[in-house]
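Asks: The structure's right below; bear with me while I get my questions together.
The values are calculated or read from the model by the stated rules, or taken from the named source; none is laboratory data. Just so it is clear, the structure is predicted and the values come from calculations on it, not from any experiment. In this analysis, Cβ positions are derived from the backbone assuming ideal geometry, glycine residues included, and neighbour counts consider all displayed protein chains. Surface areas here come from the heavy atoms of the whole protein model, side chains and all, with no ligands, DNA or RNA. Shrake-Rupley method; radii C 1.70, N 1.55, O 1.52, S 1.80 Å.
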Amino acid sequence: MRFVTKNEAVKRSFLEDLKREGIKFELNERLSYESFVGYMLEGTLEEIRAQIEVMEGADKEALIEGFTSFKESLNHILEHIKVGEKFEVLLNEGPWVAEILDQLTRNGAIDYEDGVIKLRDGVDVTKLRFEFKFPFNLVHNPESAEKIAKQFAFADLTMEYEFEILELDMGKINALGKIASRYFPEDVLLRVYFALVGRAILSSEILKSLGNEKVELSELVKAFARAAPIAIPTPKGTLVINYSPVALEEVLRFLKRLGYIEIKAGKVKKLRDLV
């Protein structure tokens, strides 16, 4: 149950929000990468569009759609930097921003001072030269496509920040959902949120089943494996929590790590309840 980002600004802001709300987590940092393998067209925006029109051996419709998206992204950034915008604010738009800013920088089209990026006065964007990159799977005849497009491969070594969420408290999990919605796509947020809810409910059921007695670990795992999946009706529908015996054992290790249970000599004992 974790959120992962490669955006330094998102990492710092999300970290502060989690601390402010008192949400338990661990931050793991590791070397990662971004990579791209495909092709590239170079020229002014008008020249690139013309190259796409005459290119053979590639999915022209997909290329036009991608190039249109590229121009829309470029125009979006230009609207920001015509009056000046902070670098970190721009990066929060998404990882694609860095690529566009890099191209504008190589064109000598922007100024950077005190953390603010601004488009230079008098710059004619239609005269700037850009690189439009597209993935190799859009090309079905490399020999034909490579008469116009160049092969392009990119590898960027970067840092990856993983927030491992350690919460079992439903109030904190709900608060986390509101915070994370500001930083992560809805599909990612929902998957992590319901995984956390599922783990919290399963943990609660495990602690209830233990009572004040020591229970054989193998018997506990067998009993909960037989009971899977757990279906919980809610006012809006049904929440189903499924788990394998291996996943159940991992939840037990998690509870032990947080000091809720003790596992010794093949037996499990409850030390405290969920608050």
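Asks: Could you list all residues from segment 226-275 that are under 18 Å from PHE194 (Cβ atoms), assigned to a helix (DSSP H, G or I) and open to solvent by 90 Å² or more (accessible area, probe 1.4 Å)?
Replies: GLU250
Asks: Being open to solvent by 50 Å² or more (accessible area, probe 1.4 Å) and of a type in the set (Val, Ile, Thr) is the filter here; which residues of segment 39-67 pass it?
Replies: Once the filter is applied, which keeps residues that are open to solvent by 50 Å² or more (accessible area, probe 1.4 Å) and of a type in the set (Val, Ile, Thr), segment 39-67 yields only VAL54.
Asks: Additional query: Hey, among GLU79, GLU16, GLU42, GLU56, which residue is over 30 Å from GLY198 (Cβ atoms) and free of Cβ contacts under 8 Å to residues at least 60 places away in the same chain?
Replies: GLU79
Asks: Answer with yes or no whether PHE136 is among the aromatic types (Phe, Trp, Tyr) and either open to solvent by 70 Å² or more (accessible area, probe 1.4 Å) or in contact with a Ser or Thr (Cβ under 7 Å, 6 or more places away or on another chain) (or both).
Replies: Yes: the conditions hold for PHE136.
Here's the yes/no breakdown for (1) more than 25 Å from VAL37 (Cβ to Cβ); (2) within 29 Å of the chain's Cα centre (by Cα); (3) in a helix (DSSP H, G or I):
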site: GLU56; (1), (2), (3): no, no, no
site: ALA62; (1), (2), (3): no, yes, yes
site: GLU65; (1), (2), (3): no, yes, yes
site: LEU78; (1), (2), (3): yes, yes, yes
site: GLY94; (1), (2), (3): no, yes, no
site: ASP102; (1), (2), (3): no, yes, yes
site: PHE134; (1), (2), (3): no, yes, no
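Asks: Would you please name the residue that is farthest from the chain's Cα centre (by Cα), looking only at residues in segment 80-92 that are closer than 27 Å to MET40 by Cα and assigned to a helix (DSSP H, G or I)?
Replies: ILE81
Asks: From the set of residues in segment 161-202 that are under 20 Å from GLU16 (Cα atoms) and among the charged types (D, E, K, R), which is surrounded by the most Cβ atoms within 10 Å (Cβ to Cβ)?
Replies: Across segment 161-202, the extreme among qualifying residues is GLU167.
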